Amino acid sequence: MGLGEDGAEGLSPASLKALGQADVIMGAPRHLSLLPVVTARVVEWPVPFADGIDILKGFAGQRVVALASGDPFWYGAGGVFARHFQEGEWQAVPAPSTFSRAAAQIGWPLEATVCLGLHAAPLTRLKQHLAPRQKAIVLLRDGDAVTKLQDYLKAEGFGDTTMTVMEALGGPRQRITAIKAGDAPQPFSHPVCVALEVQGAGAVMSKASGLEDGQFEHDGQITKRPVRALTLSALAPRPGEVLWDLGAGSGSISIEWLLSHPSLRAAAVEADFDRAARIRRNADRLGVDHLEVHHAASLDVLARLQTPDAVFIGGGLSTDLLTTVWASIPAGCRLVVNAVTLEAEALLAQWHSAKGGEMMRIELAQAKALGSKRGWSSAYPIVQWSIVR
């Protein structure tokens, strides 16, 4: 059941009925303190949160109310309950979400506002949304997290961002404070959310495929921006899909795959230890911390990966790898392979002849100084083979 900071005064008739019929009420101390007078047994939800699920299951056969904040199914506990209990064993009684309460305070239409739950996620999830004039409402873990958010925004070059800090929305302790990300820190109390009007001169992440190479930490082993844009176009990410990024280098392909839609998943496989660690850092910094990073040779790990919808081979190409990947992927899976060396190009030519698909040669040149004038400096050509299994 969802509960707001206004406690009993804000409860709907359905919520009051559920409390009145309950044998057991479980909730965090803060939630329990907001209850009206009840006759049910009251049980404090333990920390960590996951430990409470078995306690909750132990009340099978009784009428139990589990308390949550606002709308349990918007960055709340509702999804956890639904995973652990079968349909018919539970019923949700939502209250207005913190996002709705915040929007009602500041007059922002939610359909035009980024809403993020950062109370249990890193602040770097904000990275892809940081652009001047962008509006966002974020949930934070506690009052100290407001200062950490200020520090993060300043470090990213957005210290001019206006932050409307909202504490205990809807209740008697409600307090709303407007500050700048660059202001000196001050104390705030849980529960807290912050509305952001982003301003500053920090780097903004493009929404097109092919981020600037400088967005990624790398040692030169990176699919360069124009080739990356063509590669992602061939991989054609669609909502809900899974990518294998084999020989991932800097992780740029799998990271941009994940950035294209929040429902996407990816596994980056890299045999070099330093590069695998670099992929992890790139993914965390660019806000896709859910990227799976495997420090292993591709052939050693494929059997453990989730079935893919698309596969990219950017490094470590061999006959054994192509043969194993081809045998592992399901019908309809998209396979894209980039080759630089003559040997790898010859291998792709053989597979293209045998399997079909499309072969493309990508040749790029950049203007560079040539004495007192300029000339074209060509990069190594890339041969790309793409096919649907």
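Hey, could you check segment 29-52 for residues that are buried (at least 18 other Cβ atoms within 10 Å of the Cβ) and under 33 Å from the mean Cα position of the chain (by Cα) and say which is farthest from Leu3 (Cα to Cα)?
Gly52
Any residue in segment 371-385 that is more than 30 Å from Asp274 (Cβ to Cβ), in contact with a Lys or Arg (Cβ under 8 Å, 6 or more places away or on another chain) and among the small types (Gly, Ala, Ser)?
Yes.
When you scan segment 186-203, how many residues do you find that are in a loop (DSSP other than H, G, I, E, B) and under 11 Å from Gln150 (Cα atoms)?
Within segment 186-203, the subset in a loop (DSSP other than H, G, I, E, B) is 186-191, 198-203.
Now narrow it down to the ones that are under 11 Å from Gln150 (Cα atoms): 186.
Number of matching residues: 1.
Going by the structure shown, is Val114 in contact with a strand residue (DSSP E or B) (Cβ under 7 Å, 6 or more places away or on another chain) and surrounded by fewer than 18 Cβ atoms within 10 Å (Cβ to Cβ)? Even if it seems obvious, please write down each step before you answer.
Working: in contact with a strand residue (DSSP E or B) (Cβ under 7 Å, 6 or more places away or on another chain): yes; surrounded by fewer than 18 Cβ atoms within 10 Å (Cβ to Cβ): yes.
Considered against the rule, which asks whether it is in contact with a strand residue (DSSP E or B) (Cβ under 7 Å, 6 or more places away or on another chain) and surrounded by fewer than 18 Cβ atoms within 10 Å (Cβ to Cβ), Val114 comes out as yes.
Counting only residues that are surrounded by fewer than 19 Cβ atoms within 10 Å (Cβ to Cβ) and farther than 20 Å from Ala121 by Cβ, how many does segment 243-274 have?
Summing the residues that are surrounded by fewer than 19 Cβ atoms within 10 Å (Cβ to Cβ) and farther than 20 Å from Ala121 by Cβ in segment 243-274 gives 3.
Where residues in segment 125-159 are assigned to a loop (DSSP other than H, G, I, E, B) and in contact with a Leu (Cβ under 9 Å, 6 or more places away or on another chain), which of them is surrounded by the most Cβ atoms within 10 Å (Cβ to Cβ)?
The extreme case among them is Phe158.
Which ones in segment 69-89 are touching a residue at least 24 places away in the same chain (Cβ under 8 Å) and closer than 21 Å to Arg101 by Cα?
Ser69, Gly70, Asp71, Pro72, Trp74, Tyr75, Gly76, Ala77
Exactly one condition in (1) modelled with pLDDT of 90 or more; (2) loosely packed, with under 14 Cβ neighbours inside 10 Å; (3) not in a loop (DSSP other than H, G, I, E, B) is not met by Lys17; state its number.
(1)
Regarding Ala234, is this residue assigned to a loop (DSSP other than H, G, I, E, B), touching a residue at least 60 places away in the same chain (Cβ under 8 Å) and touching a strand residue (DSSP E or B) at 6+ places or on another chain (Cβ under 7 Å)? Before the answer, list the steps.
Numbers: assigned to a loop (DSSP other than H, G, I, E, B): no; touching a residue at least 60 places away in the same chain (Cβ under 8 Å): yes; touching a strand residue (DSSP E or B) at 6+ places or on another chain (Cβ under 7 Å): yes.
Criteria not met by Ala234.
Of everything in segment 336-381, what is more than 18 Å from Trp326 (Cα to Cα) and of a type in the set (A, V, I, L, M)? Give them in sequence order.
First, the residues of segment 336-381 that are more than 18 Å from Trp326 (Cα to Cα): 340-343, 360-381.
Answer for segment 336-381, where residues must be more than 18 Å from Trp326 (Cα to Cα) and of a type in the set (A, V, I, L, M): Val340, Leu342, Met360, Ile362, Leu364, Ala365, Ala367, Ala369, Leu370, Ala379.
Rundown of residues vs (1) farther than 18 Å from Gln105 by Cα; (2) touching a strand residue (DSSP E or B) at 6+ places or on another chain (Cβ under 9 Å); (3) outside the structural domain of Arg30 (by TED's automatic domain parsing); (4) assigned to a strand (DSSP E or B), yes/no style:
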{"site": "Pro172", "(1), (2), (3), (4)": "no, no, yes, no"}
{"site": "Ile176", "(1), (2), (3), (4)": "no, yes, yes, yes"}
{"site": "Ala184", "(1), (2), (3), (4)": "yes, no, yes, no"}
{"site": "Ala208", "(1), (2), (3), (4)": "yes, no, yes, no"}
{"site": "Asp219", "(1), (2), (3), (4)": "yes, no, yes, no"}
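What single numbered condition from (1) part of a loop (DSSP other than H, G, I, E, B); (2) modelled with pLDDT under 90; (3) within 14 Å of Ala95 (Cβ to Cβ) fails to hold for His31?
(1)
Can Ala266 be described as without any contact (Cβ under 8 Å) to a residue 60 or more places away in the chain and out of contact with any helix residue (DSSP H, G or I) (no Cβ under 8 Å at 6 or more places or on another chain)?
On the way: without any contact (Cβ under 8 Å) to a residue 60 or more places away in the chain: yes; out of contact with any helix residue (DSSP H, G or I) (no Cβ under 8 Å at 6 or more places or on another chain): no.
No, not satisfied.
For segment 45-68, indicate whether the set of residues that are among the charged types (D, E, K, R), outside any strand (DSSP E or B) and under 29 Å from Ala103 (Cα atoms) is non-empty.
The initial filter retains those residues of segment 45-68 that are among the charged types (D, E, K, R), namely 51, 54, 57, 63.
Subsequent filtering for residues that are outside any strand (DSSP E or B) retains 51, 54, 57, 63.
Filter once more, keeping what is under 29 Å from Ala103 (Cα atoms): none.
No, the conditions are met nowhere in segment 45-68.
Tell me the residue from Leu123, Leu139 that is in contact with a Gly (Cβ under 7 Å, 6 or more places away or on another chain), farther than 21 Å from Met26 by Cβ and of a type outside the set (Lys, Arg), please.
So the residue among Leu123, Leu139 that is in contact with a Gly (Cβ under 7 Å, 6 or more places away or on another chain), farther than 21 Å from Met26 by Cβ and of a type outside the set (Lys, Arg) is Leu139.
From the set of residues in segment 295-312 that are under 20 Å from Asn338 (Cα atoms) and under 20 Å from the mean Cα position of the chain (by Cα), which is surrounded by the fewest Cβ atoms within 10 Å (Cβ to Cβ)?
Asp309
Looking at the structure I just gave you, is Ala77 among the small types (Gly, Ala, Ser) and exposed (fewer than 12 other Cβ atoms within 10 Å of the Cβ)?
Considered against the rule, which asks whether it is among the small types (Gly, Ala, Ser) and exposed (fewer than 12 other Cβ atoms within 10 Å of the Cβ), Ala77 comes out as no.
Select from segment 144-167 the residues that are under 17 Å from Phe99 (Cα atoms) and in contact with a Ser or Thr (Cβ under 7 Å, 6 or more places away or on another chain) and list them in ascending order.
Once the filter is applied, which keeps residues that are under 17 Å from Phe99 (Cα atoms) and in contact with a Ser or Thr (Cβ under 7 Å, 6 or more places away or on another chain), segment 144-167 yields Val165, Glu167.
Note down all Cβ pairs under 6 Å where the first residue falls in segment 346-370 and is farther than 13 Å from Leu317 by Cβ, the second is part of a helix (DSSP H, G or I) and β-branched (Val, Ile, Thr), and they're at least six residues apart or on different chains.
Ile362/Val227
Among Arg374, Arg278, which is surrounded by fewer than 17 Cβ atoms within 10 Å (Cβ to Cβ), among the basic types (Lys, Arg) and either part of a helix (DSSP H, G or I) or in the same structural domain as Thr223 (by TED's automatic domain parsing) (or both)?
Details: Arg278 fails: surrounded by fewer than 17 Cβ atoms within 10 Å (Cβ to Cβ).
Answer to the selection: Arg374.
The values are calculated or read from the model by the stated rules, or taken from the named source; none is laboratory data. Quick caveat, the model's predicted, so the values are computed rather than measured. Ideal geometry is used to build each Cβ from the backbone, glycine not excepted, and the neighbour counts take in all protein chains shown.
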